[in-house]
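Below is one structure, written out as structure tokens, with a few remarks after it.
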Amino acid sequence: MNLCIVEYPDKRLRNKSIKVEKFDSKLHNLLDAMYPLMLQTNGIGLAAIQVGVALSVLILNIPDEDGEQPKENLIEIINPVLTNQRGETTYQEGCLSVPSFYEDIDRFEFLTVNYQDRDGNTQTLEADGLLSIAIQHEYDHLQGVLFIDKLTSSRRRKFEKEYKKMLKEKKTSK
Ligand code: Y12
Ligand code: CO
């Protein structure tokens, strides 16, 4: 399966992702293709909608102390439901669908996520730190929400200006 990252302002990023009902080879092929793409693009999290597939699927691979992302640390989350969200934290976030832009975003510090794995088994994960932030960021993608939507209106206007300029420069350098 050949996938590529959908980039802002592509309207597909605004689609709401739908519940996965079939835990079949098609789903496994999607998950298997998302993982190498995320690593190649230096990502630590990726939602299916970022490759144009509006299914409630996300993957995460938080780097370890050595900055490595071994496959055994890969977490595949299907049909997530977030609960017990509490505490506050701020982190400078980036997104593969909004290249070259990073901004401080407020999130919950702790959460619990109930989800299904690739075989449809129910799982529960309690998260804090970067994992909690990454889950919230990717969960937002499933609702059609981007981290730039959380900026103040003046910061958002600045972003739109800078991003447009970046896209124009990218186009002329081709
Ligand atoms: C904390 C904050 C955000 C997340 C969501 C997952 N975000 C990413 O995986 C972002 C990756 C990313 C990678 C980039 O590529 C390079 O650094 C080479 C990048 O830079 C460019 O596009 C130029 C931007 C974002 C989880 C946890
Ligand atoms: Co993102």
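What follows is calculated from the coordinates using simple rules that are stated; it is not laboratory data. Computed from a prediction, not measured in an experiment: that's the story for all the values here. Virtual Cβ from ideal backbone geometry, glycine too; neighbours counted across all protein chains shown.
Before moving on, here are some points about what is shown:
- Rg and Dmax over the alpha-carbon atoms of the chain stand at 16.1, 49 Å.
- Positive-end residue, the chain charge dipole about Cα centroid, Cβ charges, pick of PRO36, THR122, TYR102: TYR102
- The chain - percent relative contact order, Cα under 8 Å, separation 6 or more: 22
- Under the Karplus curve 6.51 cos²θ - 1.76 cosθ + 1.60, θ = phi - 60°, whole-Hz ³J(HN,Hα) for segment 159-174, x wherever Gly or Pro sits: 4, 4, 5, 5, 5, 4, 4, 4, 5, 5, 5, 4, 5, 6, 7, 7
- In a fully extended conformation the segment linking ASN15 and GLN85 would gain 22.8 nm over its present Cα-Cα distance, using 0.36 nm per residue.
- Charge context of LEU96, other residues only, Cβ under 13 angstrom, K/R +1, D/E -1: -4
- Computed per residue of the chain from DSSP H runs no shorter than four, each worth -39500 (n - 2.57), the mean residue ellipticity at 222 nm is -9500 deg cm²/dmol.
- Charged side chains reduced to their Cβ positions (Lys and Arg at +1, Asp and Glu at -1) give segment 11-172 a dipole of some 1420 debye around its Cα centre.
- Reach of LYS174 by Cα under 24 Å, taken over lysines that are not fewer than 8 positions away in the same chain: LYS11, LYS161, LYS164, LYS165
- Once the Cβ-Cβ distance of ASN2 and GLU169 is raised to the sixth power relative to R0 = 25 Å, the FRET efficiency obtained is 0.40.
- Each peptide among 102-108, 84-90, 67-73, 136-142 gets the average number of other Cβ atoms lying within 10 Å of its residues, and from highest to lowest they stand as 136-142, 102-108, 84-90, 67-73.
- Antiparallel content of DSSP bridges confined to the chain, in %, to 5: 95
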